[in-house]
Amino acid sequence: MSEELKRLALPNGRTKYLFFGGKGGVGKTTLATTTAVWFADHGYKTTIVSTDPTVSLSAMFDQRIGGEEAVPINHVSNLCGLNINPQDAKGVFKKRLNSLMGQIKDSFGSDGISTPCAEEMATFDQFVSFLEKPEGDVIVFDTAPTGKSLRELAMPFDWAGFMQKQIEEGQKFAGIMGMDASSLEDLDRDKRRYDAALAVLRDRATSVFTLVLLAERLPIEETHSAVTGLDKLGIPVQALVVNQRILPEVIEGNRFLAARAKLQVKYQGEIDARFGDFVRTSLPLLDRDVSDLSTLRHVGELLYGA
């Protein structure tokens, strides 16, 4: 159990936003769902939001969880789930973006409408709505793999800032594109929304970014890249969870496990040296799949206590 991690995550009179990110395959969905169940079980009104279209919360909780609205999670009081898919994001920004792209289409063709940037901004618009009107004590975000998550965070701010610059320069861009003033007013409102959201993300007392990794070379390097990228946005990483550690008592003379455990000890030393300013904890490699409520609750006790 990590008392420090629990202290960071517990609500302090305001809604707490808990983000779990990291390289694909390190267990961030497991940690996010574990955290959401733990807080819900302890009486906190909790919502878990997935922004990773490749991983469905439906599989973890064995029920359909879509992107239209948060749905109650079966057999877990106080917990709701939402699975945002950028392909069908319904945010106001997505609708407005389609309208703007329609105005640009005659000049640049239809390719702009299906850009990855548009999808990421649509996803982010729904994400921002949780920061604007939080419902509950704890909002847990299971984010996409590191690189995509950083783009989702950075692109909307950069894009809205670019458009704001055009507005400040006398609506030159609007004149060239033939866009109406109301569209630019909407963009100006978005810029203010995103600035307010970024302020929430930068607040260490409100938002906690936890990166999940394995004691291996590539996850360590990607974690360093994520820390650097978030720092450029002014967003602090506060905690690391090293997943799937091989405990000495399970080796039992197995040479393969012994070799892997020795390698993990080496990399754990590197993690401690490179990320010494963060709260750090670890979870053991289990002999079963973490895909049911009983096991999620077991991992929750290992992470946060009974």
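The values are calculated or read from the model by the stated rules, or taken from the named source; none is laboratory data. Worth saying up front: this structure is predicted, and the values here are computed from it rather than measured. With ideal geometry, Cβ positions are generated from the backbone for all residues, glycine too; neighbour counts draw on all protein chains shown.
Mind listing whichever residues of the stretch 69-98 are part of a loop (DSSP other than H, G, I, E, B) and modelled with pLDDT of 75 or more?
At the first step, the residues of the stretch 69-98 found to be part of a loop (DSSP other than H, G, I, E, B) are 69-70, 73-78, 84-85, 89-91.
Hits for the stretch 69-98 are GLU69, ALA70, ILE73, ASN74, HIS75, VAL76, SER77, ASN78, ILE84.
Any chance you could count how many residues in the stretch 252-272 are crowded, with 16+ Cβ neighbours inside 10 Å and either without any contact (Cβ under 8 Å) to a residue 40 or more places away in the chain or of a type in the set (Phe, Trp, Tyr) (or both)?
So the answer is 4.
Looking only at the stretch 215-243, which residues are in a strand (DSSP E or B) and either among the hydrophobic types (A, V, I, L, M, F, W, C) or surrounded by fewer than 18 Cβ atoms within 10 Å (Cβ to Cβ) (or both)? Quick ask: steps written out before the conclusion?
First, pick out the residues of the stretch 215-243 that are in a strand (DSSP E or B): 237-243.
Those that are in a strand (DSSP E or B) and either among the hydrophobic types (A, V, I, L, M, F, W, C) or surrounded by fewer than 18 Cβ atoms within 10 Å (Cβ to Cβ) (or both): VAL237, ALA239, LEU240, VAL241, VAL242.
Among (1) more than 18 Å from GLY24 (Cα to Cα); (2) at pLDDT 95 or above, there is one condition ASP277 misses while meeting the rest; what is its number?
(2)
Considering (1) part of a loop (DSSP other than H, G, I, E, B); (2) more than 13 Å from the chain's Cα centre (by Cα); (3) more than 22 Å from ASP137 (Cβ to Cβ), say which one ALA59 fails and leave the rest.
It is condition (1) that ALA59 fails.
Restricting to the stretch 274-300, count the residues that are in contact with a helix residue (DSSP H, G or I) (Cβ under 9 Å, 6 or more places away or on another chain) and either of a type in the set (Gly, Ala, Ser) or closer than 28 Å to HIS224 by Cβ (or both).
Count: 15.
Among the numbered criteria (1) assigned to a helix (DSSP H, G or I); (2) under 19 Å from LEU286 (Cβ atoms); (3) at pLDDT 95 or above, which one does GLU249 miss?
(3)
Which of the numbered conditions does ARG193 fail, given that it passes all the others? Conditions: (1) without any contact (Cβ under 8 Å) to a residue 24 or more places away in the chain; (2) surrounded by 13 or more Cβ atoms within 10 Å (Cβ to Cβ); (3) among the charged types (D, E, K, R).
Every condition holds for ARG193 apart from (1).
How many residues does the stretch 18-52 contain that are in contact with a strand residue (DSSP E or B) (Cβ under 8 Å, 6 or more places away or on another chain), farther than 17 Å from ASN78 by Cβ and outside any helix (DSSP H, G or I)?
Our first condition is that a residue be in contact with a strand residue (DSSP E or B) (Cβ under 8 Å, 6 or more places away or on another chain); within the stretch 18-52, this holds for 18-23, 26-33, 35-37, 39-40, 44-52.
Cutting the leftovers down to farther than 17 Å from ASN78 by Cβ gives us 19-23, 26-31, 50-52.
Imposing the further condition that a residue be outside any helix (DSSP H, G or I) reduces the set to 19-23, 26-27, 50-52.
Number satisfying all stated conditions: 10.
Do you know which residues across the stretch 266-289 are among the basic types (Lys, Arg) and under 20 Å from the mean Cα position of the chain (by Cα)? Working first, answer last.
Taking the stretch 266-289 and keeping what is among the basic types (Lys, Arg), we get 266, 274, 280, 288.
The answer is ARG280, and nothing else.
Could you count how many residues in the stretch 235-264 are among the small types (Gly, Ala, Ser) and under 16 Å from the mean Cα position of the chain (by Cα)?
Of the residues in the stretch 235-264, the ones among the small types (Gly, Ala, Ser) are 239, 253, 258-259, 261.
Filter once more, so that each one left must be under 16 Å from the mean Cα position of the chain (by Cα): 239.
Total meeting the criteria: 1.
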